[in-house]
Amino acid sequence: MFRNRLQKVYRHLSRQATRLPVSCYRVYDHDLPEFPFRIEFYGDHLYVAEYKRRHGMSEAEHELWLDESIRIISEVLSVPEQNIFLKLRQRKAGRAGQYQKRDSRKNEFVVEEGGLKFMVNLSDYLDTGLFTDHRITRQMVRDESEDKSVLNLFAYTGSFSVYAAAGGAKEVVTVDLSNTYLKWAERNMQLNGFSDAERFHYVRADVKEYLKELHPGHFDLVIMDPPTFSNSKKMDEFLDIQRDHVALIGLCLRAMKKGGVLFFSTNYSKFILEKEKIAAASIKDITSATTPFDFTGKMHRYCFRIAK
């Protein structure tokens with residue numbers, strides 16, 4: 001059953017990936033309840049995440065089932081097992097919905113997307129370093145960045161910053177609370193030849209507090225893709241995106257020039273944008289327009305283009 005399903009979706013998706021061309025894409029995401037995997041290509045490597053659930057198997061039975069599943073994945077997708085990285089995505093207790101890492105090995109390598117280079121790590125962190133669902137959104141940012149001042153908030157590993165720089169941005173400011181991710185973002189920028197300290201800046205900060213301190217009307221383009229919920233000790237207050245999105249968007253608009261654009265995205269599946277509380281010139285839901293071929297019918301995030 002699993003082999004047949006995987007063969008079918010891979011046959012369909014690999015053709016589209018080859019045509020585009022795209023080397024980092026999702027093949028399978030919990031298509032069958034009995035096989036709760038997420039499977040993604042990163043070049044010639046595979047990231048395989050098993051979602052934790054009550055499977056009713058003993059530890060030994062589960063290991064055998066997992067070994068057989070990996071063997072099938074390897075055969076169907078023509079990737080040697082040594083190039084497959086397996087992770088158990090296990091929800092921590094509480095509302096944060098963050099995932100624990102399983103593997104402590106360090107395995108970094110470079111992949112390409114849109115003619116640009118990105119460092120990924122399939123074993124050591126919560127996620128891989130490149131969110132494949134925002135492939136189209138990143139291209140939109142590149143298309144709108146020429147001669148613009150760009151602000152990338154909750155920047156993670158800076159992929160939007162790389163695309164903005166590639167689009168000819170005159171300034172890119174990358175903001176995140178994590179030193180690890182900021183350094184990763186800077187490495188990604190340098191991988192692509194963007195190392196001008198006069199144009200490219202990296203700021204470790206609580207985004208909410210940082211926005212409050214910004215001089216109004218400076219940025220032309222802002223990208224904000226916040227976590228659904230965060231209670232990091234580094235933050236002054238915990239973040240709840242449903243509760244806080246109006247205030248956050250308002251602060252972004254304040255930091256933008258008239259006619260400036262905010263790309264706002266959230267992974268909160270029950271999210272409701274409170275449009276009537278947002279003083280913007282226009283608000284457009286671009287979720288469908290930014291949904292890549294490998295996420296059709298399975299998109300679990302929203303994306304909006306908000307103009308001042």
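Suppose we filter 279, 255 for residues that are surrounded by fewer than 15 Cβ atoms within 10 Å (Cβ to Cβ), at pLDDT 95 or above and assigned by TED's automatic domain parsing to the domain that holds residue 140; which single one remains? Can you show your working first?
On the way: 255 fails: surrounded by fewer than 15 Cβ atoms within 10 Å (Cβ to Cβ).
So the residue among 279, 255 that is surrounded by fewer than 15 Cβ atoms within 10 Å (Cβ to Cβ), at pLDDT 95 or above and assigned by TED's automatic domain parsing to the domain that holds residue 140 is 279.
At pLDDT 95 or above and either of a type outside the set (Phe, Trp, Tyr) or surrounded by fewer than 22 Cβ atoms within 10 Å (Cβ to Cβ) (or both), is that true of residue 130? First the steps, then the outcome.
Details: at pLDDT 95 or above: yes; either of a type outside the set (Phe, Trp, Tyr) or surrounded by fewer than 22 Cβ atoms within 10 Å (Cβ to Cβ) (or both): yes.
It is true that residue 130 is at pLDDT 95 or above and either of a type outside the set (Phe, Trp, Tyr) or surrounded by fewer than 22 Cβ atoms within 10 Å (Cβ to Cβ) (or both).
Among (1) under 18 Å from the mean Cα position of the chain (by Cα); (2) among the basic types (Lys, Arg); (3) part of a strand (DSSP E or B), which single condition is residue 298 missing?
Condition not satisfied by residue 298: (3).
With (1) under 21 Å from residue 126 (Cβ atoms); (2) crowded, with 18+ Cβ neighbours inside 10 Å; (3) at pLDDT 95 or above as the list, and residue 77 as the residue in question, which single condition is left unmet?
(1)
Just one of the numbered conditions (1) under 19 Å from residue 160 (Cα atoms); (2) in a helix (DSSP H, G or I) is not true of residue 262; which one?
Only one criterion in (1) under 19 Å from residue 160 (Cα atoms); (2) in a helix (DSSP H, G or I) is unmet by residue 262, namely (2).
Here's the yes/no breakdown for (1) assigned by TED's automatic domain parsing to the domain that holds residue 255; (2) touching an Asp or Glu at 6+ places or on another chain (Cβ under 7 Å); (3) closer than 19 Å to residue 221 by Cα; (4) among the aromatic types (Phe, Trp, Tyr):
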site: 188; (1), (2), (3), (4): yes, no, no, no
site: 191; (1), (2), (3), (4): yes, no, no, no
site: 200; (1), (2), (3), (4): yes, no, yes, yes
site: 206; (1), (2), (3), (4): yes, yes, no, no
site: 210; (1), (2), (3), (4): yes, no, yes, yes
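If you scan the range 8-19, which residues turn out to be under 16 Å from residue 70 (Cβ atoms) and more than 23 Å from the chain's Cα centre (by Cα)?
Step one: list which residues in the range 8-19 are under 16 Å from residue 70 (Cβ atoms), which gives 10.
Scanning the range 8-19 gives no hits.
All but one of (1) part of a helix (DSSP H, G or I); (2) in contact (Cβ under 8 Å) with a residue 24 or more places away in the chain hold for residue 63; state the number of the condition that does not hold.
(2)
Within the range 53-86, can you find the residues that are hydrophobic (A, V, I, L, M, F, W, C) and over 26 Å from the mean Cα position of the chain (by Cα)? Full working, then the answer.
Step one: of the range 53-86, the residues hydrophobic (A, V, I, L, M, F, W, C) are 57, 60, 64-66, 70, 72-73, 76-77, 79, 84-86.
Across the range 53-86, the qualifying residues are 57, 60, 64, 65, 66, 72, 76.
When you check residue 13 against the structure, is it surrounded by 12 or more Cβ atoms within 10 Å (Cβ to Cβ), at pLDDT 95 or above, touching a strand residue (DSSP E or B) at 6+ places or on another chain (Cβ under 8 Å) and over 17 Å from residue 128 (Cβ atoms), yes or no?
Details: surrounded by 12 or more Cβ atoms within 10 Å (Cβ to Cβ): yes; at pLDDT 95 or above: yes; touching a strand residue (DSSP E or B) at 6+ places or on another chain (Cβ under 8 Å): yes; over 17 Å from residue 128 (Cβ atoms): yes.
Yes.
Could you list, in sequence order, the residues of the range 265-282 that are over 19 Å from residue 151 (Cα atoms), in contact (Cβ under 8 Å) with a residue 24 or more places away in the chain and either of a type in the set (Ser, Thr, Tyr) or not in a loop (DSSP other than H, G, I, E, B) (or both)?
So in the range 265-282, the residues over 19 Å from residue 151 (Cα atoms) come out as 267-279, 281-282.
Narrowing the set further to residues that are in contact (Cβ under 8 Å) with a residue 24 or more places away in the chain leaves 267-274, 277-279, 281-282.
Within the range 265-282, 268, 269, 277, 282 qualify.
Is it the case that the range 222-243 has a residue that's aliphatic (A, V, I, L, M), touching a strand residue (DSSP E or B) at 6+ places or on another chain (Cβ under 6 Å) and modelled with pLDDT under 95?
Keep residues of the range 222-243 that are aliphatic (A, V, I, L, M), which gives 222-224, 235, 239, 241.
Filter once more, so that each one left must be touching a strand residue (DSSP E or B) at 6+ places or on another chain (Cβ under 6 Å): 222-224, 239, 241.
Add one more test, that the residue is modelled with pLDDT under 95, and what stays is 239, 241.
Taking every residue of the range 222-243 in turn, at least one turns out to be aliphatic (A, V, I, L, M), touching a strand residue (DSSP E or B) at 6+ places or on another chain (Cβ under 6 Å) and modelled with pLDDT under 95.
Scan the range 163-217 for residues that are closer than 22 Å to residue 258 by Cβ and of a type in the set (Phe, Trp, Tyr) and jot them down.
Scanning the range 163-217 gives a single hit, 210.
Report, by residue number, each residue of the range 182-219 that is in contact with a Gly (Cβ under 6 Å, 6 or more places away or on another chain) and among the polar types (S, T, N, Q).
188 - this is the single residue of the range 182-219 that is in contact with a Gly (Cβ under 6 Å, 6 or more places away or on another chain) and among the polar types (S, T, N, Q).
Please give the helices (runs of 4 or more DSSP H) falling wholly within the range 128-210 in which 2 or more residues are closer than 23 Å to residue 238 by Cα. Step through it out loud before you land on a result.
Details: elements: 135-144, 159-166, 179-191.
So the answer is 179-191.
Under 17 Å from residue 39 (Cβ atoms), modelled with pLDDT of 95 or more and among the basic types (Lys, Arg) - does that describe any residue in the range 146-162? Full working, then the answer.
Start the filter on the range 146-162 by keeping residues that are under 17 Å from residue 39 (Cβ atoms), which leaves none.
No: zero hits.
Can you tell me how many residues in the range 188-199 are of a type outside the set (S, T, N, Q), closer than 13 Å to residue 116 by Cβ and either surrounded by 15 or more Cβ atoms within 10 Å (Cβ to Cβ) or touching a residue at least 12 places away in the same chain (Cβ under 8 Å) (or both)?
Initially, the range 188-199 is screened for residues of a type outside the set (S, T, N, Q), giving 189, 191, 193-194, 196-199.
Subset that is closer than 13 Å to residue 116 by Cβ: 189, 191, 193-194.
If we keep only those that are either surrounded by 15 or more Cβ atoms within 10 Å (Cβ to Cβ) or touching a residue at least 12 places away in the same chain (Cβ under 8 Å) (or both) as well, we get 189, 191, 194.
The number of residues fulfilling the criteria is 3.
The values are calculated or read from the model by the stated rules, or taken from the named source; none is laboratory data. This one's a predicted model, so the numbers in the text were calculated from it and none came from an experiment. For neighbour counting, all protein chains shown are included, and Cβ atoms are generated from backbone atoms with ideal geometry for every residue, glycine included.
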